[in-house]
Amino acid sequence: MNRRDLLISSVAAATGVGLAGCDDHGASKLPQAPAPTTGPDGKRLIPWQNWSGYQFGVPVQRLVPKDEAELSDIMRHAPGPIRPVGAGHSFTALVPTDGTLLSLRNFSGLLSHDQDSMTARLGAGTRLGDVGPMLDEVGQALANMPDIDSQTLAGAIGTATHGTGAGLGALHSYVKALRLVTPRGEIIDCSAEQNPEVFSAAKVSLGSLGVITQMTLQNVPTHRLKRRSWLAPIDELIDNFDQLVSENHSFEMYYIPFCSQAMAVAINPTDEPMQPRGPEQDNDAVMQMKQLRDWLSWWPGMRQRLLDMATRDFEPEEAVDVWYRIFPSSREVRFNEMEYHLPSEALMPAFKQVRERIESQHHEEFFPVEIRVVRGDDAMLSPFQGHAVSSSIAVHRYHKEDPLPYFASLEPIYQPYEGRPHWGKMHTLSSAQLAARYPRWKDFLAVREALDPDGRMLNPYLRQLFGIS
Amino acid sequence: MKKSLGNSAVVAALVVIVSACGNSAPTGKAQVTAPPPPQDAALARLYDQTCRACHASSRTGAPMAGDTAAWAPRMAQGMDVLVEHTINGYNGMPPLGACMDCSEDDYVALIRYMAGQ
Ligand SMILES: Cc1cc2nc3c(=O)[nH]c(=O)nc-3n(C[C@H](O)[C@H](O)[C@H](O)COP(=O)(O)OP(=O)(O)OC[C@H]3O[C@@H](n4cnc5c(N)ncnc54)[C@H](O)[C@@H]3O)c2cc1C
């Protein structure tokens with residue numbers, strides 16, 4: 001038993017409560033992927049599952065095309081629904097298919113770069129974690145990154161994946177051009193100048209227009225970043241949120257349920273000497289917050305008091321490193337997630353309601369709630385479309401616990417503000433509701449119809465999302 | 001109440017709980033030299049595109065490729081168990097590892113390579 005475990009056990013003894021509660025938090029209601037069956041060759045036929053295990057499917061075939069010619073052939077002839085998959089890190093049912101699952105891992109790497117324009121052309125299946133060193137080596141950097149770097153480029157832009165910063169757009173907003181192989185096997189290059197309507201639709205297209213094989217990114221010169229994280233009273237962070245956002249290149253806030261202190265993370269360019277980040281601590285911290293929930297969910301006052309005392313002496317953390325080692329963290333405690341994007345002025349009113357609802361009705365919650373900002377852009381299905389700066393609130397549920405009651409309880413809060421859900425994260429909006437929130441919804445559907453008239457890329461989830469029977 | 005709690009193990013524990021972000025607990029990971037890439041070019045490419053991101057990074061909880069000591073107790077559970085863990089996810093490892101298209105044979109070969117066998 002290490003020191004931490006010993007101390008945790010002491011909490012149980014000191015508070016005089018049983019270790020684990022009897023409540024399984026809906027574990028028995030979680031959908032379960034079917035067990036692998038045995039194929040004719042005696043080997044396991046493996047179902048596909050997403051990162052959290054909540055989404056799954058048994059494709060009739062899983063293909064790994066080696067080049068565009070083979071991909072074009074697959075697109076014309078393979079059994080549908082044809083679903084491209086990146087790293088499987090979306091929480092919604094975008095990928096499951098009983099037809100053809102396409103892995104784009106052979107479309108990866110840096111294909112070319114141009115120092116004058118600071119652009120780089122990369123394979124669409126390149127994982128963000130590999131993009132970092134590749135770009136750094138040629139003196140370039142992504143302007144921004146999400147919380148993790150496991151996603152592929154195509155998967156990330158396909159759902160409007162973003163990081164945080166008022167001057168920093170989501171990843172797709174830095175795409176200058178991309179190549180699409182359509183369900184009819186055509187290869188279409190598009191950019192603001194070439195096939196602009198397709199380009200505007202394809203940047204955030206949920207894998208419904210064709211398969212993206214490569215893209216050109218507008219980058220910035222490689223640089224060093226300093227990451228600073230600290231705890232402060234949550235009310236103070238709420239009051240100063242706008243100022244902190246405007247003063248920092250990248251800023252986000254984590255609200256810790258049942259704690260008066262919240263965590264702030266600011267990232268800024270620096271010339272200071274390297275000071276790499278230490279081992280990832282967030283995963284242990286989350287599991288220990290779960291432990292505290294297990295013991296004290298029935299006594300929120302004590303839970304808050306203990307969390308407050310525990311967070312009082314937190315020393316701010318600082319790290320300085322190359323950009324791609326500063327932005328992403330490692331998330332090893334799996335979860336399901338719902339994230340809504342809101343107009344900036346709606347952020348704090350909505351967040352205050354979320355906090356109030358968690359503290360009054362969701363004593364089972366322990367995952368920190370993440371609050372970020374994203375610069376607007378003009379892609380047809382970008383949730384940031386039409387906003388100068390969008391704000392977002394993300395809530396999580398441990399992967400072994402049912403996320404639906406919690407998400408259903410919070411989701412109505414975002415509706416009066418016309419919130420737009422993250423395309424890769426769980427929500428229940430209908431196509432009619434989405435159509436009302438996306439001014440270019442019909443334009444997108446028209447491009448989709450033109451490129452995939454037979455709906456070969458539509459799985460049941462996409463049909464329902466787009467309102468196509 | 002506050003005062004008495006102030007000296008209790010509860011407070012000590014919770015300081016550890018939340019300041020887990022600040023006080024780095026040793027991960028117990030030894031420095032491991034990355035093994036040479038698999039000789040089979042296809043397997044080398046597969047490893048590079050999938051497992052490497054976590055199994056060659058000291059920032060994740062994954063056993064490092066080539067760390068035979070870390071892999072020994074895992075291998076002792078039997079290959080079936082390890083493949084099952086890979087397919088369904090285990091602790092921080094998501095279902096399918098990071099390979100969306102691997103067959104059972106691919107998983108076995110990748111596990112053997114990382115375990116140094
Ligand atoms: C731990 C974790 C942390 C996360 N952090 C963030 C975050 O900080 N910010 C954020 O915005 N999101 C975040 N997400 C969500 C994640 O970034 C998105 O869901 C993203 O789409 C996942 O990328 P992927 O490569 O796994 O794609 P998948 O989930 O595999 O696919 C996503 C979509 O892209 C399509 N697609 C994949 N490849 C292609 C292709 N070549 N051509 C056309 N379409 C394709 C798929 O069909 C699907 O519709 C996080 C998710 C997890 C699990």
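The values are calculated or read from the model by the stated rules, or taken from the named source; none is laboratory data. Predicted model, so just to flag it, every value in this text is computed and none were measured. Counting neighbours? That spans all protein chains shown, and the Cβs are built from the backbone with ideal geometry, glycine included. These accessible areas exclude ligands, DNA and RNA; they are computed on the full protein's heavy atoms, side chains included. Shrake-Rupley method; radii C 1.70, N 1.55, O 1.52, S 1.80 Å.
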Take the residues in segment A:320-329 that are open to solvent by less than 10 Å² (accessible area, probe 1.4 Å) and among the β-branched types (Val, Ile, Thr); name whichever of them is farthest from B:Pro94 (Cα to Cα). A:Val320
Within segment A:330-371, residues being open to solvent by 10 Å² or more (accessible area, probe 1.4 Å) and closer than 28 Å to A:Lys176 by Cβ number 2
Among A:Phe241, A:Phe258, A:Phe251, which is the only one that is aromatic (Phe, Trp, Tyr) and in a strand (DSSP E or B)? A:Phe251
Matching residues, segment A:190-235, being within 14 Å of chain B (Cβ to nearest Cβ), within 16 Å of the ligand (Cβ to nearest atom) and either among the hydrophobic types (A, V, I, L, M, F, W, C) or within 30 Å of A:Leu381 (Cα to Cα) (or both): A:Gly207, A:Val211
Looking only at residues that are under 27 Å from A:His362 (Cβ atoms) and modelled with pLDDT under 95 in segment A:262-286, which one is farthest from the other protein chains (Cβ to nearest Cβ)? A:Val286
Filter result (open to solvent by less than 10 Å² (accessible area, probe 1.4 Å) and either under 25 Å from A:Gly88 (Cα atoms) or among the aliphatic types (A, V, I, L, M) (or both)) within segment A:184-205: A:Ala201, A:Ala202, A:Val204, A:Ser205
Candidate set: segment A:292-335, residues that are of a type in the set (Gly, Ala, Ser) and within 16 Å of the ligand (Cβ to nearest atom); chosen: the one farthest from the other protein chains (Cβ to nearest Cβ): A:Ser329
Quick one: would you say B:Thr33 is more than 9 Å from chain A (Cβ to nearest Cβ) and modelled with pLDDT under 90? yes
Among the candidates A:Leu111, A:Leu128, A:Leu122, A:Leu104, residue that is within 30 Å of B:Ser57 (Cα to Cα), in contact with a strand residue (DSSP E or B) (Cβ under 7 Å, 6 or more places away or on another chain), open to solvent by less than 10 Å² (accessible area, probe 1.4 Å) and in contact (Cβ under 8 Å) with a residue 24 or more places away in the chain: A:Leu122
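Just checking, does segment A:233-241 include any residue being buried (at least 24 other Cβ atoms within 10 Å of the Cβ) and not hydroxyl-bearing (Ser, Thr, Tyr)?
Narrowing segment A:233-241 to residues buried (at least 24 other Cβ atoms within 10 Å of the Cβ): none.
Among the residues of segment A:233-241, not one is buried (at least 24 other Cβ atoms within 10 Å of the Cβ) and not hydroxyl-bearing (Ser, Thr, Tyr), which makes the answer no.
Yes/no per residue for (1) outside the structural domain of A:Ala177 (by the TED database); (2) of a type in the set (Val, Ile, Thr); (3) more than 30 Å from A:Pro81 (Cβ to Cβ); (4) modelled with pLDDT of 95 or more:
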residue	(1), (2), (3), (4)
A:Glu197	no, no, no, yes
A:Ala202	no, no, no, yes
A:Leu206	no, no, no, yes
A:Val211	no, yes, no, yes
A:Gln214	no, no, no, yes
A:Leu217	no, no, no, yes
A:Asp239	yes, no, yes, yes
A:Ser246	yes, no, yes, yes
For A:Ala143: the one exception among (1) open to solvent by less than 30 Å² (accessible area, probe 1.4 Å); (2) more than 15 Å from the ligand (Cβ to nearest atom): (2)
Could you check how many residues of segment A:43-79 are within 13 Å of the ligand (Cβ to nearest atom), over 30 Å from A:Val395 (Cβ atoms) and either assigned to a loop (DSSP other than H, G, I, E, B) or more than 8 Å from chain B (Cβ to nearest Cβ) (or both)? 7
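How many residues, within segment A:418-442, are open to solvent by 60 Å² or more (accessible area, probe 1.4 Å) and either in contact (Cβ under 8 Å) with a residue 24 or more places away in the chain or touching a Pro at 6+ places or on another chain (Cβ under 8 Å) (or both)? Give the steps one after another, and end with the answer.
The initial filter retains those residues of segment A:418-442 that are open to solvent by 60 Å² or more (accessible area, probe 1.4 Å), namely A:418, A:428, A:432-433, A:436, A:439-440, A:442.
Those left that are additionally either in contact (Cβ under 8 Å) with a residue 24 or more places away in the chain or touching a Pro at 6+ places or on another chain (Cβ under 8 Å) (or both): A:418, A:432, A:439-440.
Qualifying residue count for the region: 4.
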Output the number of the condition that A:Asp378 fails; it satisfies all remaining conditions of (1) more than 16 Å from the chain's Cα centre (by Cα); (2) within 15 Å of the ligand (Cβ to nearest atom). (2)
Scanning segment A:309-356 residue by residue, the ones that are in a helix (DSSP H, G or I) and touching a residue at least 24 places away in the same chain (Cβ under 8 Å) total 16
